[in-house]
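Single-structure report; data block below.
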Amino acid sequence: MILLHGFPQTSWSWRHQLTALGDAGYHAVAPDQRGYSPGARPEGVENYAIEHLIGDVLGIADELGAHEFDLIGHDWGGAVAWYLAGRNPDRLRTLTVVSTPHPQAFARALAASDDQQQRSTYVTFFRQEGNVAEAALLADDAQGLRNLYQGSGLASDDAEEYLSVLTEPGALTAGLNYYRATSFAEAAQIGPIATPTMYVWSTGDVALGRDAAEATGQFVEASYRFEVLEGVSHWIPEHAPDALNTLLLSHLGQ
């Protein structure tokens, strides 16, 4: 199985899940995605288009000899997982997405929900070109990035791990290029989700609201589980590892 992290994190975010999945006998792999790994950090927004992100995951699976695999994604990793599941359903055994609603559900909520519009004001800031967001987030020893972690509920010890990577030359720009390279027009081209799916959302998520979360099931044609963790922040893999691990093992076992 392959676990995909989000922004602004690394594969470190999955450490609790890797342990639990390995102990249960699964072969679980969590890569640092494109832009986060210093050996895979191309310049240019166009290099972070969704087809490249999907291609990376399929390439990793092929290298591991896994034609069919279980896919787990959080935040931007969740978005990549939705797109891959819609476009390459023959490659997946199961799909688990943590926090991130289906892109079509999110697009609809962003267009019609005042709540989601308010939560997503940061996206316009992130999408600015010309290193505007980078300058703001990295100034004063990356205080802006530290505030982002703190404001969304991530523990300071965890934040330091990610800061060590995101402050490397080009790393933050690469992470922000995920936002800059995407368009909501692509969401309509995902295709039906025909893979057994579990979606885990938390009520304490400051970025992703209930409207899109509850609408996500409309876009899944296979068996579907919607699990809600009360009072947990956006950082579910780290803030509720035991609860998430229990859900993961149940979903994979089914």
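Summary of computed values
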| item | result |
| --- | --- |
| Complete set of residues in the range 72-111 that are surrounded by fewer than 24 Cβ atoms within 10 Å (Cβ to Cβ), among the hydrophobic types (A, V, I, L, M, F, W, C) and without any contact (Cβ under 8 Å) to a residue 40 or more places away in the chain | ALA111 |
| Selected residue (criterion: surrounded by the most Cβ atoms within 10 Å (Cβ to Cβ)) from residues of the range 112-126 that are out of contact with any helix residue (DSSP H, G or I) (no Cβ under 7 Å at 6 or more places or on another chain) and of a type in the set (Ser, Thr, Tyr) | TYR122 |
| Test: residue in the range 30-53 that is polar (S, T, N, Q), in contact (Cβ under 8 Å) with a residue 12 or more places away in the chain and not in a helix (DSSP H, G or I) | yes |
| Verdict on THR195 being out of contact with any Lys or Arg (no Cβ under 7 Å at 6 or more places or on another chain), in a loop (DSSP other than H, G, I, E, B) and either modelled with pLDDT of 95 or more or over 24 Å from ALA49 (Cβ atoms) (or both) | yes |
| Residues within the range 11-29 that are surrounded by fewer than 22 Cβ atoms within 10 Å (Cβ to Cβ), closer than 25 Å to ARG180 by Cα and touching a residue at least 60 places away in the same chain (Cβ under 8 Å), tallied | 1 |
| Matching entry among THR173, THR216, THR203 (being surrounded by fewer than 17 Cβ atoms within 10 Å (Cβ to Cβ), outside any loop (DSSP other than H, G, I, E, B), in contact (Cβ under 8 Å) with a residue 12 or more places away in the chain and among the polar types (S, T, N, Q)) | THR203 |
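The values are calculated or read from the model by the stated rules, or taken from the named source; none is laboratory data. Just so we're clear, the structure is a prediction, and the values are computed from it rather than from any experiment. We place every Cβ from the backbone using ideal geometry, glycine too, and count neighbours over all the protein chains shown.
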